[in-house]
Amino acid sequence: MRRFLFLNLVFFCIFSAFTFGQKSNPPYPLNFGIWGALNGNRLSVDLKYYYSDGTLARSIPQSRLGIGLGFGGIVNIPLSKSLVLTGRLGYNSLSQDLDFIYYDYGTDSYTTYEDVVNVDLAYLEITPGLLWYPLQNLKQLYFLGGIEIGSFTTKNISNSYILAEGEIPNVKTRFSLTLGAGWTIPISSNIYLTPEVSLRLPLTKVSDATYVNSVAYHNETISLSQLRFGLNLTFSLPKVEEYPEPYKAPPAEVGFKEIVGLDRDGKLVPVERIKVEDTRYQEYFPIVPYIFFLENQTIPAPGTQVLSNVGETGEFTPERLPFDALEINRRTLDIVGWRLKNNPRADLTVTGTIDNSRREKENRNLAMERANFVKDYLVKNWNINPQRINTRATGLPSKPSTSTVPEGVEENRRAELSSSNPDILAPVLLEGENQRIADPWQIQFIPYANVYDSIAFWEIDVYQGDNLLKRYNGTGQPQTLYWTIKPNELAASSVPVDYTLLVETIGGKKYKVSGTIPTEYISQRRKKVEDLPDQTVTKFSLVLFDFDKADVSTQDQDLLNKLVIPSIKYNSTVKIYGYTDKIGDDEYNLKLATRRAEAVKSIIQKARKDVKIETYGVGERTLLFDNDIPTGRHLSRTVQIEIYTPK
């Protein structure tokens, strides 16, 4: 039976080690200290008397409970998340009185003796074992299993009728099975107080001796079991306070992912240089016939119109406007006023609209007030007869933008211009004999900033020499700068273009990177000296499409027939680029842009079958104009037609 218990203990230890050995984070660190115990000892002595022939004459068993003390040292070594290897070295003592009745047999009778036997034992123990902490939510509790190995140092017996006073003979090494439980109480960061109770079941006898005389012989066995109430006080090495190293952010990375330009085939390619060429250049710029307003307001939205004061319009003429469609359309009211003044018989109709939201619907006069604002401006600033201007009001425009996004809602708050005279809203033609045209004509600076801190401010600057050409700034992550190079914007020299990116964090750190793009200037004089080919470039941005449409209106077909087709010579090359605004999916917009270019191509090809025509869908990959304002989005819903004609 005892062998069976021992094998079960061994199995338990091996099973626990394999079950929990792979886990980490032990419940307590390695600790060591002292222990003391109050032992409840059960001492059992069995005296057996035999006749000389070996027959059992009498058996006198005796058991008594006694109390002893123990103390020693302990060490606990964590093995895994649940298992701790424990080792105890200690000293235990007990002294116990046993009452015996002895029978001395004579020839015809026997004599009875009563005696008190005092047993005095003490031993040194070594107890290897395992502590098992099975519960993670109650990690103070553990169970103990081990083997106690003891060597008796005191083994006296006295006042025995059978033995003379002295040592107990034939004392054996003590082996006992140790089973118990305990509760670890951390009383500080490295001190632990542990009450523990354990049962020591003997696997061997204390002694087993046989004594012989002439008449008979007897056998005496002594065994010891123990219930121990202990208290352990252990210490772990003080933890060295481990301060984490200060966080070191990776080095800041600020720069440009790439700098690309739109080539003549409608593809975005890396910009290695900018070619600037003197060319006879003509460009037609469309007029967006809308004046846009803020929500529930009757004055144009900021940045959409330049409003002149009375008396400031005398020197205005459309021919002096810059080669910039957005800037031209910021002067729509003055262009229309100038043309009405120079076409006394022309009329104008102004239709005020609303975005159909609840707030604007509640203002019943809003649409008419918007129309009247346009009329009053033309009458006061351009001295136009009010009888020539008709005003009307409606709800949503007849061709509204989408109402599902804020940009579309913003575009529906407007005043629409129309006239029976097509010259009033005709495109603006700007031309020059020697205009400096850049190739690529648009460059995109695509920045990045990995600074591991909130960005308070960023700015991209583009210079040529000391001349600031473009500046774009904001907060948060830097955004792509779309730089459309207007005719004559670059100098008549080969001075390179410099660009910088400045990023400033909320912590005050500044990061700056810069770069240079070489330029090559080809003047008319150089063309003659080097016999370089020359050509005339005529550019049209006439066709403006309605939101999400690729149909060419009747009015735009008339413009193509009147202005574009007559400009195409037999040796011209026509390139048509389709664009969209930023609203919607990129892939969808690319297909929409291609359909727009193909629609214009089919109209031109019907009139000029012998001319080479190339179409390119660009979509929103290149935003022609500022799409944060409604005028810029309308101008982006276009195709650009470029006609290259060798001289």
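The values are calculated or read from the model by the stated rules, or taken from the named source; none is laboratory data. Everything numeric here is computed off the predicted structure, so don't read it as measured data. A quick note on method: Cβ atoms are made from the backbone with ideal geometry, for glycine too, and the neighbour counts reach across all protein chains shown.
Only residues that are outside any helix (DSSP H, G or I) and more than 26 Å from Val260 (Cα to Cα) were counted in segment 600-645, giving 6. Report yes if Tyr247 is in contact with a Gly (Cβ under 9 Å, 6 or more places away or on another chain) and more than 30 Å from Pro397 (Cβ to Cβ), otherwise no. Judged against the criteria, Tyr247 is not a match. Taking (1) at pLDDT 90 or above; (2) in contact with an Asp or Glu (Cβ under 8 Å, 6 or more places away or on another chain); (3) of a type outside the set (A, V, I, L, M, F, W, C); (4) surrounded by 16 or more Cβ atoms within 10 Å (Cβ to Cβ) in turn, Tyr377 satisfies each apart from (2). Cβ separations smaller than 6 Å between residues 6+ apart or across chains give the following pairs from segment 314-327 residues that are in the same structural domain as Ile384 (by TED's automatic domain parsing) and free of Cβ contacts under 8 Å to residues at least 40 places away in the same chain to residues that are among the acidic types (Asp, Glu) and surrounded by 14 or more Cβ atoms within 10 Å (Cβ to Cβ): Phe316/Asp334.
Exactly one residue out of Ile517, Ile522, Ile485, Ile460 is crowded, with 17+ Cβ neighbours inside 10 Å, aliphatic (A, V, I, L, M), under 22 Å from Glu283 (Cβ atoms) and in contact with a Phe, Trp or Tyr (Cβ under 9 Å, 6 or more places away or on another chain): that is Ile485.
Is there a residue in segment 392-409 that is more than 17 Å from Ile291 (Cβ to Cβ), in contact with a strand residue (DSSP E or B) (Cβ under 8 Å, 6 or more places away or on another chain) and either assigned to a helix (DSSP H, G or I) or not aromatic (Phe, Trp, Tyr) (or both)? Checking segment 392-409: not a single residue is more than 17 Å from Ile291 (Cβ to Cβ), in contact with a strand residue (DSSP E or B) (Cβ under 8 Å, 6 or more places away or on another chain) and either assigned to a helix (DSSP H, G or I) or not aromatic (Phe, Trp, Tyr) (or both). Residues considered: Thr317, Thr349. Of these, the only one that is within 28 Å of Ile641 (Cα to Cα), of a type in the set (S, T, N, Q) and surrounded by fewer than 18 Cβ atoms within 10 Å (Cβ to Cβ) is Thr317.
Each residue in segment 550-580 was checked for being free of Cβ contacts under 8 Å to residues at least 60 places away in the same chain and either touching a Cys at 6+ places or on another chain (Cβ under 8 Å) or not in a helix (DSSP H, G or I) (or both), and 6 of them qualify. Only residues that are assigned to a helix (DSSP H, G or I) and surrounded by 14 or more Cβ atoms within 10 Å (Cβ to Cβ) were counted in segment 352-371, giving 7. Annotation note: of Glu277, Glu312, Glu319, the sole residue that is of a type in the set (D, E, K, R), out of contact with any Ser or Thr (no Cβ under 9 Å at 6 or more places or on another chain) and closer than 30 Å to Ala491 by Cβ is Glu319. Selection within segment 124-145: residues that are in a strand (DSSP E or B) and among the hydroxyl-bearing types (Ser, Thr, Tyr). The member of this set that is surrounded by the most Cβ atoms within 10 Å (Cβ to Cβ) is Tyr142. The single residue among Thr112, Thr107 that is part of a strand (DSSP E or B), over 26 Å from Leu69 (Cα atoms) and at pLDDT below 90 turns out to be Thr112.
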